[in-house]
Amino acid sequence: MKKIIDWNSIEVKGNRTGSKRALCPNCSADRRKSKDPCLSVNFDKGLANCHHCQAVSFRPDEDFKPTYTPPPQDWQNYTSLSDKLVKWCSNRGIPQRTLIDFRITEESQDLPQTQSNQNCIVFNYFEGDTLVNKKCRDGRKNFTQSKDGKKLLYNINSAIGAKELYIVEGEFDVLAMAANGIDNVVSLCNGANDHDEQWVNSQRYLEDVERFIIAVDNDPKGIEVREKIAHRLGKWRCSYIEWTEKDANGSLLSGDIDNDIRNAVTFPVSG
């Protein structure tokens, strides 16, 4: 996941309005070209991204009162997970390094589907450095998430400064793409459902993306939501992937993922 820069550490000449270029607090001091203004800052949107180290920054809005209930901000930077969870993810082609990069944790949670407490992998939804939602899943694909958490595309930080963005259907597919070297990827927050709220909450991060590659599941529900997403974002700037297997994770395991990505299909546009 991308490094987060403290907004107040960004220094620019003149007033803090419009779009500016600045030195990056994360990498400029260590670069040979230390005076290169590699950080693009948009004061209107309150976003910044570095073209060298890919770090990003968010302007805190002290007057903003969230319409959602954020989970407790007690997330810890775990560097170890249980052997069982690591092996389970490894069998899905996801190495431990990717789990750490994406700040994956594990917790015991009461799952409504089983009416029992189960050990779960936890996908932590970050907006900047703020934890806005937690989605928990057991080994049998039973889910629960934070009560009244923010509906947001998973891994939304990766959209900042990206000209090209992949959209997948689940968090494991984000990890699969990242394990294959693609970090500019987000996931729908509730499977093959095109809920308005996740797009409204993610909109400001998507405005500068020039091309979307829709890489949802290759099944009837996935194909249906693919069409809805393309209609929402504009087919003229969308293409899609027809996975050899059901999804990105399946094609990672079968070894077809690179070929599937190379053969992305452009949507036909009438007129």
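The values are calculated or read from the model by the stated rules, or taken from the named source; none is laboratory data. For clarity, every value in this text was computed on a predicted model and none was experimentally measured. Note that each Cβ is placed from the backbone with ideal geometry, even for glycine, and that neighbours are counted across all protein chains shown. Protein only, heavy atoms only, side chains kept; ligands, DNA and RNA dropped before computing areas. Shrake-Rupley method; radii C 1.70, N 1.55, O 1.52, S 1.80 Å.
Tell me which residues, restricted to the stretch 108-135, are within 30 Å of residue 57 (Cα to Cα) and either over 21 Å from the mean Cα position of the chain (by Cα) or polar (S, T, N, Q) (or both).
Of everything in the stretch 108-135, those that are within 30 Å of residue 57 (Cα to Cα) and either over 21 Å from the mean Cα position of the chain (by Cα) or polar (S, T, N, Q) (or both) turn out to be 124, 130, 133.
Condition first: surrounded by fewer than 18 Cβ atoms within 10 Å (Cβ to Cβ) and either polar (S, T, N, Q) or in a loop (DSSP other than H, G, I, E, B) (or both). Now tell me which residues in the stretch 185-201 satisfy that.
190, 191, 193, 194, 195
If we scan the stretch 103-118, do we find a residue that is open to solvent by 10 Å² or more (accessible area, probe 1.4 Å) and in contact (Cβ under 8 Å) with a residue 40 or more places away in the chain?
yes
Residues of the stretch 254-271 being of a type in the set (A, V, I, L, M) and within 21 Å of the chain's Cα centre (by Cα), which ones?
257, 261, 264
Looking at residue 161 and the list (1) touching a residue at least 60 places away in the same chain (Cβ under 8 Å); (2) at negative phi, which single condition is not satisfied?
Unmet condition: (2).
Quick one: which of 81, 131 is open to solvent by less than 40 Å² (accessible area, probe 1.4 Å), hydrophobic (A, V, I, L, M, F, W, C) and part of a loop (DSSP other than H, G, I, E, B)? Quick ask: steps written out before the conclusion?
On the way: 131 fails: part of a loop (DSSP other than H, G, I, E, B).
81 is the lone residue from the list that is open to solvent by less than 40 Å² (accessible area, probe 1.4 Å), hydrophobic (A, V, I, L, M, F, W, C) and part of a loop (DSSP other than H, G, I, E, B).
For the stretch 235-252, check the following and say yes or no: at least one residue is more than 20 Å from residue 93 (Cα to Cα) and over 20 Å from the mean Cα position of the chain (by Cα).
yes
Yes/no matrix, rows are residues, columns are (1) within 17 Å of residue 9 (Cβ to Cβ); (2) at pLDDT below 90; (3) not small (Gly, Ala, Ser):
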{"position": "28", "(1), (2), (3)": "yes, no, no"}
{"position": "36", "(1), (2), (3)": "no, no, yes"}
{"position": "75", "(1), (2), (3)": "no, yes, yes"}
{"position": "89", "(1), (2), (3)": "no, no, yes"}
{"position": "97", "(1), (2), (3)": "no, no, yes"}
{"position": "106", "(1), (2), (3)": "no, no, yes"}
{"position": "120", "(1), (2), (3)": "no, no, yes"}
{"position": "123", "(1), (2), (3)": "no, no, yes"}
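Filter the stretch 240-271 down to the residues that are touching a Ser or Thr at 6+ places or on another chain (Cβ under 7 Å) and either farther than 13 Å from residue 214 by Cα or surrounded by 16 or more Cβ atoms within 10 Å (Cβ to Cβ) (or both) and list them by number.
243, 244, 245, 251, 254, 256, 257, 260, 264, 267 - these are the residues of the stretch 240-271 that are touching a Ser or Thr at 6+ places or on another chain (Cβ under 7 Å) and either farther than 13 Å from residue 214 by Cα or surrounded by 16 or more Cβ atoms within 10 Å (Cβ to Cβ) (or both).
Is there a residue in the stretch 70-80 that is free of Cβ contacts under 8 Å to residues at least 40 places away in the same chain, more than 28 Å from residue 209 (Cα to Cα) and in contact with a Ser or Thr (Cβ under 6 Å, 6 or more places away or on another chain)?
Checking the stretch 70-80: at least one residue is free of Cβ contacts under 8 Å to residues at least 40 places away in the same chain, more than 28 Å from residue 209 (Cα to Cα) and in contact with a Ser or Thr (Cβ under 6 Å, 6 or more places away or on another chain).
Would it be correct to say that residue 45 is exposed (fewer than 11 other Cβ atoms within 10 Å of the Cβ) and assigned to a loop (DSSP other than H, G, I, E, B)?
no
If residue 267 satisfies every condition in (1) closer than 27 Å to residue 147 by Cβ; (2) in contact (Cβ under 8 Å) with a residue 24 or more places away in the chain but one, which is the exception?
(1)
Looking at (1) of a type in the set (A, V, I, L, M, F, W, C); (2) crowded, with 20+ Cβ neighbours inside 10 Å; (3) closer than 17 Å to residue 128 by Cα, which is the one condition that is false for residue 206?
(2)
Select from the stretch 7-42 the residues that are in a loop (DSSP other than H, G, I, E, B) and touching a Pro at 6+ places or on another chain (Cβ under 7 Å) and list them in ascending order. Break it down into steps so the answer makes sense when it comes.
Start the filter on the stretch 7-42 by keeping residues that are in a loop (DSSP other than H, G, I, E, B), which leaves 10-18, 23-27, 31-38.
Within the stretch 7-42, 10, 23 meet the criteria.
Within 22 Å of residue 251 (Cα to Cα), part of a strand (DSSP E or B) and out of contact with any Pro (no Cβ under 6 Å at 6 or more places or on another chain): which single residue out of 94, 182, 167 fits that description?
Working: 94 fails: part of a strand (DSSP E or B); 182 fails: part of a strand (DSSP E or B).
When all the criteria are applied, what remains is 167.
From the list 143, 212, 126, exactly one residue is in contact (Cβ under 8 Å) with a residue 24 or more places away in the chain, surrounded by fewer than 19 Cβ atoms within 10 Å (Cβ to Cβ) and out of contact with any Pro (no Cβ under 8 Å at 6 or more places or on another chain). Which is it?
Exactly one residue qualifies, and that residue is 143.
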